[in-house]
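The values are calculated or read from the model by the stated rules, or taken from the named source; none is laboratory data. Please read all numbers here as calculations on a predicted model, not as lab measurements. Cβ placement follows ideal geometry from the backbone for every residue including glycine, while neighbour counts extend to all protein chains displayed.
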Amino acid sequence: MFGLKGSDFALFLVVAVLTLAAPFILNPFPETSSLAQFNGGYPDLMQRFVIFGIFAIGFNILFGLTGYLSFGHAAFLGVGSYAAIWMMKLLTMNVIPAIIMSVIIAGLFSLVVGWISLRRSGIYFSILTLAFAQMSYALAYSVLTPITGGETGLQPKLNDPRILDAAPEGGRIPQANLFGLDMGESRVWNVGDWAFTFNAGYYVAAVVMLVAFYLSIRIFRSPFGMMLRAVKSNQQRMNYTGLNSKPYTLAAFVISGMYAGLAGGLLVAMDTQVGPERMFWTASGEVVLMTILGGVGTLIGPVLGAGFIKYMENILSKINTTVLEGWFAFLPDGAADAVVAVLGLFVGKGWHLTLGLIFMIVVIFLPGGLVEGGRRMFRGRDRTATRKVKSGQTPPTSKPAE
Amino acid sequence: MEAILLQILNGLDKGSAYALIALGLTLIFGTLGVVNFAHGALFMIGAFSAVTLSRLLSTSYTVIDESRTDFLGNPLKVEMPYLHDWFGPEFGQAIINWSVPLAILFSIPIMVAVGFAMERGLIKHFYKRPHADQILVTFGLAIVLQEIVKAVYGANPIPTPAPPAFSGSFDFGALIGFDPLQIMYPYWRLVYFAFAILIIGAVFAFLRFTTFGMVVRAGMADRETVGLLGIDIDKRFTIMFAIAAVVAGLAGVMYAPINSPNYHMGMDFLVLSFVVVVVGGMGSLSGAVLAGFLLGILESFASMAQVIEVVPGINQIIIYLVAILILLTRPRGLMGRKGVMEE
Amino acid sequence: MTFTTKTVGRRGVIQGGAALGVGLAAPTFFNSPARADMHTGYLNAPQGGTVTLGFNVPQSGPYAEEGADELRAYKLAVKHLNGEGDGGMMNTMRINGGDTALQGNGILGKKVEYVTGDTQTKSDAARASARSMIEKDGAIMITGGSSSGVAVAVQALCQETGIIFMAGLTHSNDTTGKDRKANGFRHFFNSYMSGAALAPVLAANYGTDRKAYHLTADYNWGYTTEEAVTQATEAMGWETVNAVKTPLTQTDFSSYIAPVLQSGADVLVLNHYGGNMVNSLTNAVQFGLRDAEVNGKNFEIVVPLYSRLMAKGAGANVKGIFGSTNWHWSLSDDASKAFVQSFGKEYGFPPSQAAHTCYVQALLYADACERAGTFNPCGVVEALEGLEFDGLGNGPTLYRAEDHQCFKDVLVVKGKENPESEFDLLEVVEVTPVDQVMYAPDHPQMGGAEATLGSCNTGV
């Protein structure tokens, strides 16, 4: 259906249902329980899940299919964001022009960067993309301040031209909207002790993500996708057959750059602000980690990886010692203090530690990422190799060490 | 002229740090083929072993000084280092002041242990795994190591001065025939440069002139054949890993007086060290060293006011710009070997 | 190595998750932003017996120590507001010449609770954290932060969503200059004030015939500080020889420091903060600038914005170096003494300027709500605008209505030659009176006539 074969359609359907029902799924705990701390079903986080999901899906089209590891994809996200915010400052607070422009500008930028960087392969390619991204970051932070706002970034202001919009009323900065529907608009449904928030911006972003996901399945299953896999498995042999692989890899690069730009545009649409650190190498590294954590070359893995990292960042960092003390108040004093002291190292200001440990645990115990590892545990270890081929990964040349 | 000479000195000095870190990284990454994102953390651990030794040496007991008060108006508690009691205040303080050079000895066993633990406990299992897995596991490890240091030492930089004999600067220009007071250069930075040359020379000599080094070099070129000859190459690779850790650690120890160590210093150097290794060319030790000094010197020139005036912002991007230009004109960096990490 | 014991266990201040109990009683669907309450007419109106504040501070990254100190101050403020502890500066604060309306029973009779978040000193992360506090936890006010990029970003967010923002440590002119917002307030001083306060002291100590060389962090805060210090010192007769921008990510400043001596300059101004300041100052001292003599005068170094926590990282290198600061624990007025006592007894060391400004901001917000009789942002804005207060450590202070900036005396400090303890790094050499650091709201450094607050937003 929709040009998807059975298992792919089933996967798409599952993702669609999960995405649309996210306000319920992410808020499993009643507001009054102490576990409500772990609820992730508020607009900002839900928006970030799907937006970084888009970013990772796009990254996976390049990395998962061709094996080219870009270490500078955050630059395209950043450039897309800047394009979007300028549309909002100059044209209108309607998100449509902003999103379209972010995809176009990021596409053009990735065309230039890709055209140059794809002259090299392997680690040399990675460093070229890293260099472009770091230059973009450094310049946006400093000498390009007139265009980028530098450290403080760009936000819509009252005195922006916004030629398509009516003048703002009452000294209020207008909200980002979709033909009048504010992105910040939410409705809360209270069921007993549960409160489920349905946010307009989230659903806009979620629909965009589903489209992006659908396109990525089509790309994975298309002859073009096959060609990209061929690049990954043996580029040299492919070149001997007389095929020039560069147009294919460049196309993949630009597509993934446009996905990044789309994510950048959506970030601005949901939260009207851009800062240059969106392009720092750690941001590029983050999408690499998201993709690997979820499962390189799998369809759904990158989305899971993105959600996982964003959840950790936003939920763990807010658990402070006071919250911990509340949880363990039932223990005797000394024991509670000890438990709080130990757990305190892993949450709140120590949330990075937990993140690092999880990276290590996942890669040690779930080789191939969350999806691949999950599958492996589910079906037993014997059919590993065949599934790897199926999911678009080259089989390891020898058996994985230990 | 003096200005240019000064920047060359600065460049050599920055280059020393880049070259030392890149040297260790290229042993692991360029030759063992492991994308080690935890290499910056090794540098950081080295610097913090200097901090640790200085803390250990100044272990104190408190004395209440009734004549003075602290910020709450209570009698002031004065810290008295045990070393002052044991060796007298002067010699005791001298030992504390010399904690950075002493930390060279202190850090070697620490770095060897860390290197062994990392390789045997973790990296060994990842030689044949995809690079993606190596990135994830070593990045995770890097975060864990830096968070542990943050939990113990806090997030602020910790001043770790050089011994008084090496603090301050001297008239380097007069030494080589310039007008006096034109080229002043800090003692410790020259020490750092000399130390870097020494370590780099030692590593090269070790690989070139010892049987061990010969086997390792053969193993880098063709691991399987060496294995078939009945040589236990794995054990030697473990030792190589430990050596790389020691080189990174020593670079960190000696760097502590130049910039106060903080827990994220490893991450600050991480990206740069990868750039240096790749610009130098994968699998080439001399390439890494050369690239380190080259980028250090170019960075110094780009930061001159006269240059920035002509090309604003050039100091922000010089390293990356040069990296792009070199990689586009020389496909495998300065001295890279064919077929290493090109897929 | 010294061993200190930490006091652990202030359990029971908040029961876990209780901070989330907002808007539960409301029936089925209701329109427009989350948790709004039609009866009171503003976003996140507190229901029940508690009110939730959002403390958004850097807990990871280079400013994590300052963030930790800010958090300590907030916790102390919450204690005092809820009537626990010794009351700290609540006992000394004077509002518009009278007593504070705060009674130690929370704010408007509601017990104060709080949520915390990590800004990571990145504007994206800071806004994500602030939005989670607003959307998930129902925070009515956001406060904290340790850099201007974050302050401007979160202030803009609070303006858009209709929440009050009480800035933490932010020193760039922009926060209450070109990026000022009706819902945002800053107690901390700014670049302009640093320049205006420092210049006369520098002239008095180093003479009016000086040639200055600036190294400036290449981002907005650096620019405003360089501009402010250059203008103020040039007005005193100094000459600016050169101003070189240094990348934020720079760690080794040797190649920027080395040419300074050859430039003919006899003063080096380091417009750097945090790790940049620690490293550039350390490098400058390494290169012997402190011992050098140029134009027949001793070479001098100036650090316009000092932070004691950061100065600690530079060790002995800060000795004798002038700078400015918002507040210092060694001040001897009653309010500062009360705060140092209260904070010191709780945590065992004196508070930093970041802790002080955050504590004051929390108290001022609470008092404004109390006087306005509501948490409604527009009511709070009205209560804070034009407020004159005293007894909070900086002497008589004005919260100016036109730009929501506090005007108060500025401290000029110097690195102490013989520190008695690890906290005793700076000594106050001059308290520059507020008149000298006053400026017009439409000053060119503050965004000129174009800068506007807009109108307050209640979020509905």
Expected single match for under 15 Å from the mean Cα position of the chain (by Cα) and either modelled with pLDDT of 95 or more or polar (S, T, N, Q) (or both) among B:VAL277, B:VAL253 is B:VAL253
Among A:LEU108, A:LEU164, A:LEU158, the single one that is of a type in the set (A, V, I, L, M, F, W, C) and at the interface with another protein chain (Cβ under 10 Å from one of its Cβ atoms) is A:LEU158
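Residues are listed down the side, and each one gets a yes or a no for (1) more than 7 Å from chain A (Cβ to nearest Cβ); (2) at pLDDT 95 or above:
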{"position": "C:LEU102", "(1), (2)": "yes, no"}
{"position": "C:ASN105", "(1), (2)": "yes, no"}
{"position": "C:VAL112", "(1), (2)": "yes, yes"}
{"position": "C:SER123", "(1), (2)": "no, no"}
{"position": "C:MET133", "(1), (2)": "yes, yes"}
{"position": "C:GLY138", "(1), (2)": "yes, no"}
{"position": "C:MET141", "(1), (2)": "yes, yes"}
{"position": "C:GLY149", "(1), (2)": "no, no"}
{"position": "C:ILE164", "(1), (2)": "yes, yes"}
Across the range B:48-68, the tally of residues that are under 24 Å from C:SER330 (Cβ atoms), facing another protein chain (nearest Cβ under 9 Å) and without any contact (Cβ under 8 Å) to a residue 12 or more places away in the chain stands at 1
With the first residue restricted to the range A:187-205 and required to be crowded, with 19+ Cβ neighbours inside 10 Å, and the second required to be of a type in the set (Gly, Ala, Ser) and assigned to a strand (DSSP E or B), Cβ contacts under 8 Å at 6 or more apart or on different chains are A:VAL188/A:ALA195; A:THR197/A:SER186; A:PHE198/A:SER186; A:ASN199/A:SER186
Note on the range C:90-122: residues among the aliphatic types (A, V, I, L, M), out of contact with any His (no Cβ under 7 Å at 6 or more places or on another chain) and not in a loop (DSSP other than H, G, I, E, B) are C:ILE95, C:ILE107, C:VAL112, C:VAL115
Only unsatisfied item for C:ASN283, checking (1) touching an Asp or Glu at 6+ places or on another chain (Cβ under 8 Å); (2) over 27 Å from C:THR233 (Cα atoms); (3) without any contact (Cβ under 8 Å) to a residue 60 or more places away in the chain, is (2)
Counting only residues that are within 14 Å of chain C (Cβ to nearest Cβ), under 25 Å from B:ASN259 (Cβ atoms) and in a helix (DSSP H, G or I), the range B:171-195 contains a total of 9
Counting only residues in the range B:217-250 that are more than 14 Å from the chain's Cα centre (by Cα) and in contact (Cβ under 8 Å) with a residue 40 or more places away in the chain, the one farthest from B:LYS124 (Cα to Cα) is identified as B:MET220
Within the range A:14-63, restricting to residues that are free of Cβ contacts under 8 Å to residues at least 12 places away in the same chain and under 20 Å from the mean Cα position of the chain (by Cα), the one that is farthest from A:GLY122 (Cα to Cα) is A:ALA21
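Filter the helices (runs of 4 or more DSSP H) completely within the range A:95-154 down to those with at least 3 residues that are in contact (Cβ under 8 Å) with a residue 40 or more places away in the chain.
A:95-117, A:122-141
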Filtering the range B:297-343 down to residues that are among the aromatic types (Phe, Trp, Tyr) and more than 7 Å from chain A (Cβ to nearest Cβ) yields B:PHE301
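Looking at C:THR170, C:THR143, C:THR116, C:THR161 in this structure, which one is free of Cβ contacts under 8 Å to residues at least 40 places away in the same chain and β-branched (Val, Ile, Thr)?
Numbers: C:THR143 fails: free of Cβ contacts under 8 Å to residues at least 40 places away in the same chain; C:THR116 fails: free of Cβ contacts under 8 Å to residues at least 40 places away in the same chain; C:THR161 fails: free of Cβ contacts under 8 Å to residues at least 40 places away in the same chain.
Exactly one residue qualifies, and that residue is C:THR170.
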Among the residues of the range C:334-385, the number that are within 14 Å of chain B (Cβ to nearest Cβ) and under 23 Å from C:VAL51 (Cα atoms) is 2
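Quick check on my filter: what residues within the range C:211-225 are of a type outside the set (Ser, Thr, Tyr) and buried (at least 23 other Cβ atoms within 10 Å of the Cβ)?
To start, the set of residues in the range C:211-225 that are of a type outside the set (Ser, Thr, Tyr) comprises C:211-212, C:214-215, C:217-218, C:220-222.
Answer for the range C:211-225, where residues must be of a type outside the set (Ser, Thr, Tyr) and buried (at least 23 other Cβ atoms within 10 Å of the Cβ): C:ALA212, C:HIS214, C:LEU215, C:ALA217, C:ASP218, C:ASN220, C:TRP221, C:GLY222.
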- Please verify whether the range B:130-141 includes one or more residues that are touching an Asp or Glu at 6+ places or on another chain (Cβ under 7 Å), of a type in the set (Phe, Trp, Tyr), facing another protein chain (nearest Cβ under 9 Å) and in contact (Cβ under 8 Å) with a residue 24 or more places away in the chain. no
Of (1) closer than 22 Å to C:SER172 by Cβ; (2) outside the structural domain of C:GLY144 (by TED's automatic domain parsing), C:TYR399 fails just (2)
Qualifying residue in the range C:283-302 (condition: buried (at least 21 other Cβ atoms within 10 Å of the Cβ), more than 12 Å from every other protein chain (Cβ to nearest Cβ) and within 25 Å of C:ALA354 (Cα to Cα)):
yes
Original post:
Quick check: is even one residue across the range B:202-210 hydroxyl-bearing (Ser, Thr, Tyr), part of a helix (DSSP H, G or I) and more than 8 Å from chain C (Cβ to nearest Cβ)?
Top reply: no
Counted residues in the range C:236-259 being within 31 Å of the chain's Cα centre (by Cα) and more than 22 Å from A:SER142 (Cα to Cα) come to 4
Only unsatisfied item for B:MET44, checking (1) closer than 30 Å to C:ASP333 by Cα; (2) not in a strand (DSSP E or B), is (1)
Okay, helices (runs of 4 or more DSSP H) sitting entirely in the range B:231-343 with 2 or more residues that are under 27 Å from B:GLN146 (Cα atoms), I get B:233-255, B:265-280, B:285-302, B:314-329
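If only one of C:ASP252, C:ASP266 is within 24 Å of B:TYR187 (Cβ to Cβ) and more than 7 Å from every other protein chain (Cβ to nearest Cβ), which one is it?
Every option except C:ASP266 fails the conditions.
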